[in-house]
Amino acid sequence: MKKSLTYKILQKHLLSGELKEGCEIGIKIDQTLTQDSTGTMVYLQLEAMGISKLKTDLSVAYIDHNTLQTGFENADDHEFIKSVAEKYGIVYSKPGNGICHQLHLENFAKPGNTLLGSDSHTPTCGGIGMLSIGTGGLDVAIAMASGEYYLKTPKVLNIHLEGHLKPWVSAKDVILYILKQLSVKGGVGKVIEYTGTGIKSLSVTDRGTIANMGAELGATSSIFPSDEITYEYLKSQGRENDWLPLHADNNATYDEVINIDLCKILPMAAKPHSPDNVDSIRNLTGIKVDQVLIGSCTNSSYKDLMKAASILKDKQVHPDVSLGISPGSSNILKMLADNGALGDLIAAGARILECSCGPCIGMGQSPQTNGVSLRTFNRNFCGRSGTNSADVYLVSPETAAISAVSGFINTPENVGEAVDIQEPQAYFKGNSYFILPSNKSSIIKMGPNIKPFPINTPIKSLVEGKLILKAGNNITTDDIMPSNAKLLPYRSNIPYLSQFCFNTIDADFWNRCVENEGGFVIGGENYGQGSSREHAALVPLHLGIKAIISKSFARIHKANLINSGILPLEFENEQDYDLLHEGDDLIIDNLIQSLKENTSVLLRDTTAGVDIKLKFTGSERDVAILLMGGYLNYTKASLEGLN
Ligand code: F3S
C-alpha cells in the first residue's frame, strides 16, 4: 500500500497496536511542549509520578498565557514551572519570549518527529512536517515520563492544493475557506495532510497558519511535506541540520481527498461567533470597526507582521480604532525593530503589546460593549474576548491592517499593488529568554497558589455514597468547572477552584460534597460536552466524586474521568434516570468483578429501594487504568515495573 506522510511517521514511531483506522495505537513521542495555563498541572502530575529522568528527546515549558501579574498567583506558577524545568532538564521559555507554537516552529520543530503539547493548537508545527498533536495535560506528563502516547489510528484526509494565491490573499484565507467547506466538525478523528503543487507558494509559517487552524476543524493534526521551502526556513533559523525531505508516496492511499484551486480563494472572514461562519470580505465591507488585533499563534510570524507594517507605513490608524499588535516571538520583534517596521507601526498609531497570547486568551484588550473587533486569531466564540456583547471577526493580517486604517471592514484588494514579503534569509537568533537546564537544582518552588495534584486510590468493589447532584442533558465542561479570566490564575489550585464546581447550576454543590465527603453525580445525555478541560474531572475528584452515571458521555470528558479514576457509568435502560433523586443513598457492589468480566454493574438505591443496571463501555486498558485509580497511578506502576 502506498503510504501517506502521516502513516509513514506513525509507522516509524509505532510502539504497539495496528495501524488500522479506529484501532488503538501507542506511539513514541519525541518532543513535548506545555504552556503555563495547562503546564502547572502537567508538572504537578509529573512530580507525582516520581520519575528521575524524562524519556523525550526535548521538552519545552513556555510561559505565554497568564503573563499579566496583577497578583502573586501567576508569578508563583511561573516560578514553579521554572524550578520543575531545572530539575527535569526541560527548556524554560520566559514570559515575554513569545507564543509557544510560533517559538516552537522557529526553534525546535523537526520534520518527521512527533510532538505532543498541552495546548490545542500544537498542530501548528505540522507546517514543518512534524506530526504534532494537542492533548490533555496528563497525557503530556505521561509522554514525558514514559515517551509514549496512545490514540485511535486516525483517518487521513488529503487536501490537495493546486494553483497560486491571488495578490492580497493569504494562508489565513485558505484555512477560512476550508473551514467554510468542512465546518468545525470536518476534521474530527482525522489528520489533514496537505499535498499538491499549490503548497510551493506557501512558506513554512504560512503552512503553520493553516495547520494551526486545523484545530478549529476538530482535526487530530494537520501536516505538510518537508521540502526545499522547509529546508530554506530551517537554514534561515540556523537549523538546516534538522531538515530531512519527507512526503507521501506517489498515489498514496487516503480516506478522503479534497481538491482546492488556490486561485479561486478571495480574502475571507469568520463572522461572529464561530470560526466556520465564513464569508468573503467583499460581502462585509463597510462594517464599522472599533478594535483590530494582529498576533496570536495563528498570525504572528515575521511575514505576517511585515505585511501589516507595509500596509500601515506612512498611514494612520483610524481615530475610532484601537490597533494592538502582539509579535509571535521576541526575535521577530527585534527584527522589526532593526529593519524599521516597528517604527512604521508605532508611527501609524499601533499599540505594541507583549510577545504573548495576550488578548487571545482574554488577558487584556477586551473590546468595548457591543464593539466590533477584527482579529487575526483562531477563535471567535461568544465571550472569549472578555466582552459578551462584542462581535469578533477572524481575518488575515492584510485585512486587519487595511481595516484599521479605514475604520471599517475593508478588503486589502483596495490597497493597490500587493507587496511581496519574503521570509528573511537569516532570522535573528537571540536566546536571552530561553533558560536551558543546567540540572544544578532539584528544589521545587511551590508558592501558596500551587496546591498538590489530587491523586485517586485504586477502586474498591464496594462503592457507596449520596447522590449529590442530578443534572440534565448536555452538561458542558464549563458547567462543571467554569473557566474565566478571574479563575484562570487558580488553575494550579484545585481546592480553591472546587468552590466554583457546578456553581452556575447548583450553588450548594460544594457544601454538599464537603458534608458527605463526595458521592455520585447523575447526568442526562452527552455529559461533559465542550472543551477538553481536565479540571472538569480533577475538581470533582478532589471533592470525592466516585462515579458519574449518565445516559451518555462526551468522548474526551469520559477519557478524562477514566484518567482521573472516576467511574463513567451509563444506564442500560435510559428511563432508569427518572428513578433516582438527589440525596438518595446509592451502593455499587461487586464492581471489580463486573468491570473485569464486562458485565452489568448493579446500582442499588437504598432510599428508593430500587436496583438499576449500569454499563461501563471502554477498552481493557481503560478498565486497567480505573482499577489502579487513574492513569497516573497506572503509569507509575508500569514505570516501576520496568525499573
Ligand atoms: Fe495562545 Fe490563543 Fe494560541 S491563547 S496558544 S495565541 S489560541
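Structural remarks
- Residues of segment 345-368 include none that is over 17 Å from Ala404 (Cα atoms) and surrounded by fewer than 16 Cβ atoms within 10 Å (Cβ to Cβ).
- Scope segment 191-208; condition touching a strand residue (DSSP E or B) at 6+ places or on another chain (Cβ under 6 Å) and surrounded by 24 or more Cβ atoms within 10 Å (Cβ to Cβ); matching residues: Val191, Ile192, Glu193, Tyr194
- Residues of segment 466-475 that are crowded, with 19+ Cβ neighbours inside 10 Å and out of contact with any His (no Cβ under 8 Å at 6 or more places or on another chain): Lys466, Ile468, Leu469, Ala471, Ile475.
- Count of residues meeting criterion [more than 10 Å from the ligand (Cβ to nearest atom) and touching a Ser or Thr at 6+ places or on another chain (Cβ under 7 Å)] in segment 99-108: 3
- Filter result for Ile450 (farther than 20 Å from Gly328 by Cα, more than 16 Å from the ligand (Cβ to nearest atom) and either among the polar types (S, T, N, Q) or not in a helix (DSSP H, G or I) (or both)): yes
- Single residue of Ile229, Ile258 found to be modelled with pLDDT of 95 or more, of a type in the set (A, V, I, L, M) and assigned to a helix (DSSP H, G or I): Ile229
- All told, Lys596 falls short of being of a type outside the set (Asp, Glu), touching a residue at least 60 places away in the same chain (Cβ under 8 Å) and out of contact with any Leu (no Cβ under 6 Å at 6 or more places or on another chain).
- For segment 109-149, taking the residues that are within 15 Å of the ligand (Cβ to nearest atom) and assigned to a helix (DSSP H, G or I), the one that is nearest to Thr6 (Cα to Cα) is identified as Gly126.
- Per-region count, segment 563-588, residues surrounded by fewer than 24 Cβ atoms within 10 Å (Cβ to Cβ) and either assigned by TED's automatic domain parsing to the domain that holds Tyr43 or in a helix (DSSP H, G or I) (or both): 6
- Hits in segment 331-390 (condition: assigned to a helix (DSSP H, G or I) and either within 16 Å of the ligand (Cβ to nearest atom) or of a type in the set (Ser, Thr, Tyr) (or both)): Ile332, Leu333, Gly358, Pro359, Cys360, Ile361
The values are calculated or read from the model by the stated rules, or taken from the named source; none is laboratory data. Note that this is a predicted model, so its numbers are computed, not measured. Positions of Cβ are generated from backbone atoms using ideal geometry, with glycine treated the same way; all protein chains shown enter the neighbour counts.
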